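The values are calculated or read from the model by the stated rules, or taken from the named source; none is laboratory data. No experiment lies behind these values; they were computed from the predicted model shown. Counting neighbours? That spans all protein chains shown, and the Cβs are built from the backbone with ideal geometry, glycine included.
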């Protein structure tokens with residue numbers, strides 16, 4: 001049974017009730033436990049838990065240190081194409097938006113990647129919109145082959161595929177897959193999407209296809225702002241736990257981008273403030289002690305720095321969110337505006353100041369190829 | 001009683017310390033270097049996935065004084081035998097160093113070692129001339145297999161890695177020590193110097209510590225504490241503690257007289 005079937009067996013109203021009705025004493029008891037059961041997840045993300053933020057944050061900080069050490073891994077996104085046949089309400093790449101569309105050639109992608117290599121990055125995340133005619137699997141595959149020898153790790157956050165498609169990319173040198181479900185609420189999902197992406201179940205099936213192919217990390221995410229965040233995060237954890245069980249060799253990573261202004265002027269109906277965002281991160285660390293927690297440049301510098309000790313294990317830095325953006329920042333349309341505009345070296349220094357080592361390399365191609 | 005054990009010897013190399021230290025998880029390479037120095041260790045392990053062997057400016061490698069320490073590269077992150085073997089070959093190809101700490105951990109959360117793949121990789125690597133120090137679950141039969149395959153040590157875990165729980169696998173480790181023909185290095189899960197002392201008191205030849213030192217509020221002071229813990233364990237072993245012996249010992253001249261079978 002795939003997660004798209006599991007999800008319909010989860011009683012969402014009871015999650016909402018548990019979130020609303022949790023008493024602080026219950027949270028204290030939860031903090032003394034070693035494991036958080038599925039049915040206890042709503043408590044962690046309840047308003048009552050916000051009052052015990054310091055205690056939860058202390059525990060999150062200790063768990064993170066034990067499992068990951070006093071380190072933060074750095075990565076950079078490389079946008080290959082902003083062509084897209086989808087029309088997601090919140091995205092700068094949506095097909096309705098009049099923005100300059102660019103698909104990088106393999107040579108151009110390499111030139112962009114060289115800038116990132118020179119900055120010190122060894123972990124790369126390739127990003128595209130979904131537009132099979134403008135940017136096909138074959139093009140992505142060619143870029144991966146060109147970059148595989150230069151980067152320690154290559155991840156993709158691109159259009160969803162079936163198992164043979166992912167297998168080709170794994171063969172070419174991709175070791176991790178990120179595919180956000182965006183929202184776990186079917187109605188919200190239907191309202192926000194049209195185009196091929198509107199198929200909620202197909203998207204859930206795609207990440208499972210990635211699990212079957214054996215990517216080392218599966219990256220999940222919910223876009224914060226589309227639906228009430230407390231319920232969304234409970235579902236995100238349930239999804240993570242499901243994948244972790246069924247693909248036991250695979251690590252799970254979580255991202256939860258707060259929606260930022262993008263072309264099209266979308267206003268998120270359920271905004272998440274900084275305190276709530278921090279509660280989400282520390283709660284997630286308790287819920288899944290071994291999951292990677294990714295914090296992108298969508299978040300402001302001061303908040304990113306403040307969150308480093310509490311559970312974050314991976315940060316992007318110096319990101320450009322448009323194809324070709326590292327060479328020409330204003331050339332093509334952006335997916336969203338970044339909020340932390342510091343250079344990679346500045347972010348690395350901030351990590352050091354938080355008492356952590358910025359780690360540029362934490363994987364090796366030798367795992368995959370002689 | 002294992003009191004007659006001399007200095008730690010692995011594959012013919014003698015070490016002045018029974019404490020092996022890992023280089024991951026430290027807040028900075030500088031603090032790592034100070035902690036290694038303070039620990040008195042002579043054998044340090046580094047994850048090949050973390051270090052860039054071809055880069056002399058690599059943050060970890062550039063802070064390791066390889067005149068002081070023998071480097072034990074490890075295959076941490078390998079999910080099967082083939083991946084571990086590839087990494088080991090890469091390490092030897094670049095550094096000329098044929099020592100390898102074999103780690104095969106297919107499950108990324110508890111990072112428990114895979115017995116089947118570890119044994120398979122060990123056999124290949126020994127055949128290729130590596131000095132193999134395998135990380136393993138505290139399984140006495142597996143320890144015998146690994147020793148028989150030609151491994152230079154066996155490295156049973158005390159508890160899951162990073163858990164700081166101490167010698168949870170005590171009974172199994174005791175059997176491994178009793179049956180061992182190669183040095184037994186207790187690896188993973190030691191959270192306090194007293195845990196390290198306990199392992200050495202039990203008769204382990206050495207311990208490997210990483211997380212407990214690296215994430216302490218003061219890693220350098222904790223490194224000293226582990227050094228002393230290991231030394232205390234060894235002193236206690238040599239001194240022949242009164243109440244930990246598995247076999248009966250004469251507690252008075254009369255008992256001794258009786259035991260002689262008079």
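Listed residues B:50, B:79, B:89; which is in a helix (DSSP H, G or I), out of contact with any strand residue (DSSP E or B) (no Cβ under 6 Å at 6 or more places or on another chain) and closer than 27 Å to residue A:215 by Cα? Explain how you work it out, then say what you get.
Values: B:50 fails: in a helix (DSSP H, G or I); B:79 fails: in a helix (DSSP H, G or I).
Every option except B:89 fails the conditions.
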(message) Can you pull out every residue in the stretch A:201-219 that is within 14 Å of chain B (Cβ to nearest Cβ) and buried (at least 19 other Cβ atoms within 10 Å of the Cβ)?
(response) A:211, A:213, A:215, A:216, A:217, A:218, A:219
(request) State yes or no: is residue A:190 free of Cβ contacts under 8 Å to residues at least 60 places away in the same chain and under 25 Å from residue A:89 (Cβ atoms)? (result) yes
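Tell me, which strands (runs of 3 or more DSSP E) wholly within the stretch A:192-299 include 1 or more residues that are at negative phi and over 18 Å from the mean Cα position of the chain (by Cα)? Steps first, please.
Numbers: elements: A:217-221, A:251-255, A:292-295.
In the stretch A:192-299, there are no strands (runs of 3 or more DSSP E) which contain 1 or more residues that are at negative phi and over 18 Å from the mean Cα position of the chain (by Cα).
I'd like to know if the stretch B:191-212 contains one or more residues that are assigned to a loop (DSSP other than H, G, I, E, B), closer than 30 Å to residue A:248 by Cβ and within 14 Å of another protein chain (Cβ to nearest Cβ). Can you show your working first?
The first filter runs over the stretch B:191-212 and keeps only residues assigned to a loop (DSSP other than H, G, I, E, B), leaving B:191-192, B:203-205, B:210.
With closer than 30 Å to residue A:248 by Cβ added as a condition, the list becomes B:191, B:210.
Those left that are additionally within 14 Å of another protein chain (Cβ to nearest Cβ): B:191, B:210.
Yes: one or more hits.
Out of the residues in the stretch A:99-123 meeting the condition of being assigned to a loop (DSSP other than H, G, I, E, B) and touching a residue at least 12 places away in the same chain (Cβ under 8 Å), tell me which one is nearest to the other protein chains (Cβ to nearest Cβ). Please lay out each step first, then the result.
Of all residues in the stretch A:99-123, those assigned to a loop (DSSP other than H, G, I, E, B) come to A:99-102, A:104-105, A:120-122.
Then drop every residue that is not touching a residue at least 12 places away in the same chain (Cβ under 8 Å), which leaves A:99-102, A:104, A:120-122.
Values: A:99: 38, A:100: 37, A:101: 37, A:102: 32, A:104: 27, A:120: 10, A:121: 13, A:122: 8 Å.
Filtering first and then ranking leaves A:122.
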(message) touching a strand residue (DSSP E or B) at 6+ places or on another chain (Cβ under 9 Å), part of a helix (DSSP H, G or I) and either surrounded by fewer than 22 Cβ atoms within 10 Å (Cβ to Cβ) or at pLDDT 90 or above (or both): which single residue out of A:346, A:352 fits that description?
(response) A:352
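Considering only the stretch A:151-166, state which residues are buried (at least 17 other Cβ atoms within 10 Å of the Cβ) and in contact with a helix residue (DSSP H, G or I) (Cβ under 9 Å, 6 or more places away or on another chain). Outline the logic, then answer.
Filtering the stretch A:151-166 down to residues buried (at least 17 other Cβ atoms within 10 Å of the Cβ) leaves A:151-161, A:165-166.
Matches in the stretch A:151-166: A:151, A:152, A:153, A:154, A:156, A:158, A:159, A:160, A:161, A:165, A:166.
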(message) With touching a residue at least 60 places away in the same chain (Cβ under 8 Å), part of a loop (DSSP other than H, G, I, E, B), touching a strand residue (DSSP E or B) at 6+ places or on another chain (Cβ under 6 Å) and over 25 Å from residue A:241 (Cβ atoms) as the only criterion, which of A:358, A:323 stands out?
(response) A:323
(message) Given the criteria assigned to a helix (DSSP H, G or I), within 14 Å of chain B (Cβ to nearest Cβ), modelled with pLDDT under 95 and buried (at least 20 other Cβ atoms within 10 Å of the Cβ), does residue A:366 qualify?
(response) yes
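Quick one: which residue in B:177, B:161 is closer than 20 Å to residue B:79 by Cα and either in contact (Cβ under 8 Å) with a residue 40 or more places away in the chain or in a helix (DSSP H, G or I) (or both)?
Details: B:177 fails: closer than 20 Å to residue B:79 by Cα.
Unique residue meeting the criteria: B:161.
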(request) Among residues belonging to the stretch B:213-230 that are part of a loop (DSSP other than H, G, I, E, B) and touching a helix residue (DSSP H, G or I) at 6+ places or on another chain (Cβ under 7 Å), point out the one that is surrounded by the most Cβ atoms within 10 Å (Cβ to Cβ). (result) B:215
(request) Check residue A:87 against each of (1) within 21 Å of the chain's Cα centre (by Cα); (2) under 30 Å from residue B:28 (Cα atoms) and name the one condition it does not meet. (result) (2)
(message) Could you check the stretch A:57-80 and list, in sequence order, the residues that are more than 10 Å from chain B (Cβ to nearest Cβ), crowded, with 22+ Cβ neighbours inside 10 Å and more than 17 Å from residue A:177 (Cα to Cα)?
(response) A:60, A:72
(request) Scan (1) surrounded by fewer than 17 Cβ atoms within 10 Å (Cβ to Cβ); (2) more than 14 Å from every other protein chain (Cβ to nearest Cβ); (3) at pLDDT below 95 for the single condition residue A:35 breaks and write down its number. (result) (2)
(message) Given the criteria surrounded by fewer than 20 Cβ atoms within 10 Å (Cβ to Cβ) and either within 9 Å of another protein chain (Cβ to nearest Cβ) or in a strand (DSSP E or B) (or both), does residue B:58 qualify?
(response) yes
(request) Check residue A:93 against each of (1) within 14 Å of another protein chain (Cβ to nearest Cβ); (2) assigned to a loop (DSSP other than H, G, I, E, B); (3) crowded, with 20+ Cβ neighbours inside 10 Å and name the one condition it does not meet. (result) (1)
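Give the stretch B:180-190 a look and list any residue that's within 20 Å of residue B:71 (Cβ to Cβ), in a loop (DSSP other than H, G, I, E, B) and modelled with pLDDT of 95 or more, or say none. It would help to see each step written out before you state the result.
Taking the stretch B:180-190 and keeping what is within 20 Å of residue B:71 (Cβ to Cβ), we get B:183, B:185, B:187-188.
Cutting the leftovers down to in a loop (DSSP other than H, G, I, E, B) gives us B:183, B:188.
Selection gives B:183 alone.
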(request) Mind listing whichever residues of the stretch B:77-93 are out of contact with any helix residue (DSSP H, G or I) (no Cβ under 7 Å at 6 or more places or on another chain), surrounded by fewer than 24 Cβ atoms within 10 Å (Cβ to Cβ) and facing chain A (nearest Cβ under 10 Å)? (result) B:79, B:82, B:89, B:93
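Any idea which of B:143, B:138, B:147, B:121 is more than 14 Å from chain A (Cβ to nearest Cβ), in contact with a helix residue (DSSP H, G or I) (Cβ under 6 Å, 6 or more places away or on another chain) and in a helix (DSSP H, G or I)? So that I can check it myself, show each step before the final result.
Details: B:138 fails: in a helix (DSSP H, G or I); B:147 fails: in contact with a helix residue (DSSP H, G or I) (Cβ under 6 Å, 6 or more places away or on another chain); B:121 fails: more than 14 Å from chain A (Cβ to nearest Cβ).
Just one listed residue meets the conditions, B:143.
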(request) Would you mind stating whether residue B:162 is crowded, with 19+ Cβ neighbours inside 10 Å and within 14 Å of chain A (Cβ to nearest Cβ)? (result) yes
